[in-house]
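We did not get these values from a lab; they are worked out from the coordinates using the rules stated. On a predicted model such as this, the values are computed, not experimentally measured, just so you know. Every residue, glycine as well, gets a Cβ built from its backbone with ideal geometry; the counts of neighbours run over all protein chains shown.
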Amino acid sequence: MTLNGVAFGFDYGGRRIGVAVGQSITGTASALAVISNSPQGPNWAELDKLVREWRPAALVIGLPVTVDGYDQAVTTASRAFADTLAARYQLPIHLQDERYSSRESEAQFKQLRQGGLARKKDAAMLDAAAAKRILERWLQGV
């Protein structure tokens, strides 16, 4: 599959959804936003605004599987989120293995903090940083 243009990456969570934006030419991504999530669903108004502003050509959702590659409870929720995104935005949906993306983002944040390049309040963007890693992994395979 080839992608021409912008893609969004998502790190789905029960309370927060990290969003990243990337593009196919460079294969890079940037942390964009963290959207609140609840049992009633995500903050659709905020997500709709991002989609209108960036006009992504594809949506990449992190698929949280176990270390052995098996589904777990949150895997089902992530798949349901992907299905809802597909219906809502009528864009191509791609699932990307997200193993270790959150841990890698936390480790990088810790290094930045130790080097004085990040502050504690920047931790609010950790979910978006995980979405960035998910999207970059997918872009490498496109």
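Annotations for the structure displayed:
- 3J(HN,Hα) along region 18-24, derived from phi through the Karplus expression 6.51 cos²θ - 1.76 cosθ + 1.60 where θ = phi - 60°, amounts to x, 10, 10, 10, x, 9, 6 Hz, with x in place of Gly and Pro.
- Shape category assigned to region 8-70 from the gyration tensor of Cα positions, a/c cut at 1.5: oblate
- Amide H contacts of THR28 (H built 1.01 Å from N, under 5 Å, at least 5 apart or other chain): GLN23
- Of the peptides 27-33, 56-62, the order by per-residue mean of other Cβ atoms within 10 Å, starting with the highest, comes out as 56-62, 27-33.
- Extending 7 Å from Cα along the Cβ direction at GLN140 and again at ARG52 yields two label points whose distance is 3.6 nm.
- For a paramagnetic label modelled on ALA45 (point 7 Å from Cα along Cα→Cβ), amide N atoms under 18 Å away belong, within region 6-28, to 17.
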